[in-house]
Amino acid sequence: MKKLFFILSLMLVSFNAFAGDVQIVGDNLTLTYVAPETDPFKPNGRDPVNIPTVTIDGYTLYFWDATDFTISIMDDDEQVVYTTFVPANQTSVVLPTTLSGTYTIEVIRDSQTFVGVIVL
């Protein structure tokens, strides 16, 4: 039992050493999962939806998940003012500097939609 505990401790220490190399840029965006009425990926009690990690620094959005996204920026009238597709190998998107104010951001991954507020 002591050997198992020792090996697990070594694995945890080595994992933490590698995790320290990742530097998150910008401020985290708080995204909320919006479940449609018919969701083919509806999580069961043990599997919560994995909300993507998106940060913002100025007008640059950074994506920390290696999946495809479609992002849309909407104004107060729910009109789309900017939209783009972000492939899995792209880690950032620069938003137009003509946008200024508070907007709703919609991040779509497969059939899952996440919504948050963005201030530019």
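The values are calculated or read from the model by the stated rules, or taken from the named source; none is laboratory data. Remember, predicted model here, so these are calculated numbers, not experimental data. Reconstructed Cβ throughout: ideal geometry from the backbone, glycine too, with neighbour counts over all protein chains shown.
Asp65 passes every criterion in (1) surrounded by 13 or more Cβ atoms within 10 Å (Cβ to Cβ); (2) at pLDDT 90 or above; (3) of a type outside the set (Gly, Ala, Ser) apart from (2). The set of residues in segment 33-62 being loosely packed, with under 11 Cβ neighbours inside 10 Å and either outside any loop (DSSP other than H, G, I, E, B) or modelled with pLDDT of 90 or more (or both) consists of Gly58 alone. A count restricted to segment 69-120 and to residues that are closer than 17 Å to Val34 by Cα and small (Gly, Ala, Ser) stands at 3. Residues in segment 71-120 that are over 18 Å from Thr55 (Cβ atoms), assigned to a loop (DSSP other than H, G, I, E, B) and touching a strand residue (DSSP E or B) at 6+ places or on another chain (Cβ under 7 Å): Asp75, Pro96.
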